[in-house]
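Below: one structure, written as structure tokens.
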Amino acid sequence: MQQAKSVIGRVLRYPYWFIELFTWAKSFKQNPIIGNYWLNRCGLHVARVVVSQGLFRFRLMLLAPLVAKEDREAFLRDGYILKRNFLERGHFLCLKAEAENYQGLIREFVEGTTLTQRAFLTQDKRAELREISAFTDGRRLDRLMRWCSSKNRPPFFFIENLCNHANVAPQPDPQRDFHTDTFHPCVKGWLFLDAADNRNGPHVYVPGSHRLTWKRLKWEYRESLEASKQGDKRQPGRYWDGSFRATEADLAEMGLEAKALHVPENTLLIGNVYGFHRRGVAEQPSRRMTIWMQARDNPFNPLFTPFPRATAWLFEKVWQRELESQDPKKIAAGTQRNQIGSFDRDCVN
């Protein structure tokens, strides 16, 4: 009886799994249609990649007036935009002090020997932080993020503090491998409050890897078949539930070469995380604090929002509820803990 109910329940979920094909859903494990070997052998994953790329470029073209030509060319050529000394010096120093002295809910999780502390900055919270609010609401950043995301809306904002070589039990770190966040173009951004170098681990990006070349498409096809075949038993360090990992040999085969982005403080980095990237290895116990931004939306929507501010508030509320719903599960699993307090400045526990 129990088995029959399980089968019926699974059958009833197929319409939902089918609808997910036209969203940002990427899990080969949780969606049996996305993870179906024969469908991917016929090109399902590759089709999703190609269509999402085409719509992304279409939306970028429509929003082109938002940013300068040199910024558009850099983003389309390299996959990222890098701007040093983004803020006026006095503003930056006040913003950095405001972030370091932040008081509020901080979510913590461990990956490898890196402890990540992250605080979600809602509009209400940013209203209490004058310097951070001036940055997040600034015209230059707003236009860059609205164009790079292709969705014409502001991103989610966080204060993020990476504690390198924290006194935690070593475990596999998925951020140390070259990876693509998902199957479609999407954008993350960082305002570096600390310089990033070999001491505290630079951001490493593979320029040009965001472009859908024939070699990249063949790689996507091959990886989708391997992920489908392994199913629940696939190697998490290689496929990571829809976020594919690439080896040095893979990059060489695609004619790509990684670049460690050593940048001074007060540098803005906006990157297309469909391109391969990873967290650089830190040589010593240290921290790297940023204002971290994420812009992700349904890649199959051919249009962008005409009301960026209003929709930003709505998406923010939905994301906040999602974070709150995930908290009990992650805390119970020992992968995350929440604390009310301030960030660890020393990052040496």
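The values are calculated or read from the model by the stated rules, or taken from the named source; none is laboratory data. In this text, all values refer to a predicted model and were calculated from it rather than measured experimentally. FYI the Cβ positions are ideal-geometry reconstructions off the backbone, even for glycines, and counts take in every protein chain you see. To get the accessible areas, we keep the full protein, side chains included, count just its heavy atoms, and leave off ligands, DNA and RNA. Shrake-Rupley method; radii C 1.70, N 1.55, O 1.52, S 1.80 Å.
Numbers below:
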item	result
Enumeration of residues in the stretch 124-139 that are in a helix (DSSP H, G or I) and either touching a His at 6+ places or on another chain (Cβ under 6 Å) or touching a residue at least 12 places away in the same chain (Cβ under 8 Å) (or both)	Lys125, Arg126, Arg130, Glu131, Ile132, Ala134, Phe135, Thr136
Scope the stretch 154-176; condition open to solvent by 10 Å² or more (accessible area, probe 1.4 Å) and either modelled with pLDDT under 75 or assigned to a loop (DSSP other than H, G, I, E, B) (or both); matching residues	Pro154, Pro155, His165, Asn167, Val168, Ala169, Pro170, Gln171, Pro172, Asp173
The one condition in (1) in contact with a Phe, Trp or Tyr (Cβ under 8 Å, 6 or more places away or on another chain); (2) assigned to a loop (DSSP other than H, G, I, E, B) that Lys29 fails to fulfil	(1)
Of all residues making up the stretch 37-92, the number that are outside any helix (DSSP H, G or I) and surrounded by 17 or more Cβ atoms within 10 Å (Cβ to Cβ)	8
Residues satisfying the stated conditions in the stretch 135-151, i.e. polar (S, T, N, Q) and closer than 21 Å to Arg89 by Cα	Thr136
Answer from Glu20, Glu128 - the residue that is within 26 Å of Trp313 (Cβ to Cβ), open to solvent by less than 70 Å² (accessible area, probe 1.4 Å) and out of contact with any Asp or Glu (no Cβ under 6 Å at 6 or more places or on another chain)	Glu20
Test for Phe109: is it open to solvent by less than 80 Å² (accessible area, probe 1.4 Å), under 22 Å from Asp181 (Cβ atoms), modelled with pLDDT under 90 and under 23 Å from the mean Cα position of the chain (by Cα)	yes
Residues of the stretch 51-63 satisfying the condition of being without any contact (Cβ under 8 Å) to a residue 12 or more places away in the chain and small (Gly, Ala, Ser)	Gly54
Set Ala282, Ala258, Ala227: member being modelled with pLDDT under 95, open to solvent by less than 60 Å² (accessible area, probe 1.4 Å), in contact with a helix residue (DSSP H, G or I) (Cβ under 9 Å, 6 or more places away or on another chain) and aliphatic (A, V, I, L, M)	Ala227
Residue in the stretch 91-105 that is within 16 Å of Ser150 (Cβ to Cβ) and in contact (Cβ under 8 Å) with a residue 40 or more places away in the chain present	no
Inter-residue pairs, beta-carbon under 8 Å, first over 21 Å from Leu303 (Cα atoms) and in the stretch 64-81, second at pLDDT 95 or above and open to solvent by 70 Å² or more (accessible area, probe 1.4 Å), 6+ apart	Gly79/Arg211
Flag for Leu95 being touching an Asp or Glu at 6+ places or on another chain (Cβ under 9 Å) and assigned to a helix (DSSP H, G or I)	yes
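Rundown of residues vs (1) at pLDDT below 80; (2) loosely packed, with under 15 Cβ neighbours inside 10 Å, yes/no style:
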position	(1), (2)
Phe315	no, no
Arg321	no, yes
Gln326	yes, yes
Cys347	yes, no
